[in-house]
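The values are calculated or read from the model by the stated rules, or taken from the named source; none is laboratory data. Worth saying up front: this structure is predicted, and the values here are computed from it rather than measured. FYI the Cβ positions are ideal-geometry reconstructions off the backbone, even for glycines, and counts take in every protein chain you see.
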Ligand code: CP
Ligand code: NVA
């Protein structure tokens with residue numbers, strides 16, 4: 001059913017609703033198979049190069065274990081160790097790595113770096129987070145929502161916090177899949193306007209709603225899912241103090257989640273800062289599904305790798 005062989009996985013916007021639906025179904029199947037002790041190894045003898053220009057716990061470990069479970073081998077490269085760190089062009093790196101490995105996962109800063117790598121690589125490239133997007137995380141998030149809510153379509157998804165890479169990918173993903181999404185961010189930290197317009201176009205097709213507001217209560221009211229992320233992303237460490245002030249009224253805490261539906265789920269891509277973007281009572285409370293979400297990085301990314309690399 002899935003025919004994505006050779007495709008890059010850079011942005012959710014590049015995939016149809018059907019393709020994303022099929023990838024999520026494959027992720028669920030692979031999870032079930034793994035829990036039953038079975039194995040599926042379509043990538044025997046293949047290698048995934050993993051380039052990290054930023055720190056990672058989940059992305060690194062889930063990709064490395066994932067490629068191994070699919071029969072292949074993962075290779076971790078910190079950009080400090082690669083010649084990229086000494087100025088070798090991305091285009092040369094892409095062409096050289098394409099002669100050795102069968103796929104590249106990269107976590108970096110500007111999204112244009114990933115686009116450049118994909119342009120020059122002759123093998124599939126996977127975006128493991130840029131300043132603009134984090135598409136693999138959204139696949140795991142949607143797999144988790146389906147597990148807990150049985151569907152995506154018709155749900156209300158609320159994102160409260162920084163209009164960052166997570167907000168962008170969630171906007172595109174929700175709008176594509178037909179889930180209503182409300183994003184609440186302070187003025188000055190709203191999601192990128194071009195991405196919001198793109199999400200609104202997708203929402204028109206899927207019949208869902210996109211709301212951008214600076215009012216967290218408006219976003220959280222009757223939500224089925226409440227999501228937040230750090231106030232200062234990787235690369236913004238020196239803005240921490242300024243951001244703590246700007247986001248002071250945007251904490252996801254007990255009084256905010258009271259506005260949501262009683263059976264709402266709380267999600268966070270992690271790493272989290274208790275007492276900043278989310279209170280401990282919420283993230284460690286009964287409605288939090290953060291560890292299912294983290295686990296699903298493994299299954300969702302196995303589906304992506306199996307689909308594009310085999
Ligand atoms: N959520 C996520 O991408 O986590 P890491 O930064 O640990 O990879
Ligand atoms: N917005 C965060 C997500 C981390 C997974 C960052 O870019 O640091």
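Working only within segment 199-218, note down all residues that are over 13 Å from residue 167 (Cα atoms) and either part of a loop (DSSP other than H, G, I, E, B) or within 21 Å of the chain's Cα centre (by Cα) (or both).
Selection gives 200, 201, 202, 203, 206, 207, 208, 209, 214, 215.
Conditions (1) more than 16 Å from ligand 2 (Cβ to nearest atom); (2) crowded, with 18+ Cβ neighbours inside 10 Å; (3) at pLDDT 95 or above; (4) in a loop (DSSP other than H, G, I, E, B), marked per residue:
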position	(1), (2), (3), (4)
5	yes, no, yes, yes
28	yes, no, yes, no
33	yes, no, yes, no
42	yes, no, yes, yes
45	yes, no, yes, yes
49	yes, yes, yes, no
74	yes, yes, yes, no
81	yes, no, no, yes
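Going through 171, 129 one at a time, which residue ends up being on the phi > 0 side of the Ramachandran plot and either part of a helix (DSSP H, G or I) or buried (at least 24 other Cβ atoms within 10 Å of the Cβ) (or both)?
Answer to the check: 129.
Just a yes or no: is a residue in segment 168-181 over 20 Å from residue 139 (Cβ atoms) and out of contact with any helix residue (DSSP H, G or I) (no Cβ under 7 Å at 6 or more places or on another chain)?
Looking for residues that are over 20 Å from residue 139 (Cβ atoms) and out of contact with any helix residue (DSSP H, G or I) (no Cβ under 7 Å at 6 or more places or on another chain), one finds none in segment 168-181, hence no.
The rows are residues; the columns are (1) in contact (Cβ under 8 Å) with a residue 40 or more places away in the chain; (2) over 30 Å from residue 223 (Cα atoms); (3) buried (at least 20 other Cβ atoms within 10 Å of the Cβ); (4) touching a helix residue (DSSP H, G or I) at 6+ places or on another chain (Cβ under 6 Å).
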| site | (1), (2), (3), (4) |
| --- | --- |
| 91 | no, yes, no, yes |
| 95 | no, yes, no, yes |
| 99 | no, yes, no, no |
| 116 | no, yes, no, yes |
| 152 | no, no, yes, yes |
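Looking at residue 62, is it in contact with a helix residue (DSSP H, G or I) (Cβ under 9 Å, 6 or more places away or on another chain) and more than 16 Å from ligand 1 (Cβ to nearest atom)?
Against the criterion (in contact with a helix residue (DSSP H, G or I) (Cβ under 9 Å, 6 or more places away or on another chain) and more than 16 Å from ligand 1 (Cβ to nearest atom)), residue 62 does not qualify.
So, residue 158, is that one crowded, with 24+ Cβ neighbours inside 10 Å, more than 19 Å from the chain's Cα centre (by Cα), more than 16 Å from ligand 1 (Cβ to nearest atom) and not assigned by TED's automatic domain parsing to the domain that holds residue 23 or not?
Considered against the rule, which asks whether it is crowded, with 24+ Cβ neighbours inside 10 Å, more than 19 Å from the chain's Cα centre (by Cα), more than 16 Å from ligand 1 (Cβ to nearest atom) and not assigned by TED's automatic domain parsing to the domain that holds residue 23, residue 158 comes out as no.
Taking the criterion of being in contact (Cβ under 8 Å) with a residue 40 or more places away in the chain and over 29 Å from residue 171 (Cβ atoms), would at least one residue in segment 21-40 satisfy it?
yes
Just a yes or no: is a residue in segment 270-286 modelled with pLDDT of 95 or more, under 14 Å from residue 137 (Cβ atoms) and either crowded, with 22+ Cβ neighbours inside 10 Å or touching a strand residue (DSSP E or B) at 6+ places or on another chain (Cβ under 8 Å) (or both)?
Yes - at least one qualifying residue is present in segment 270-286.
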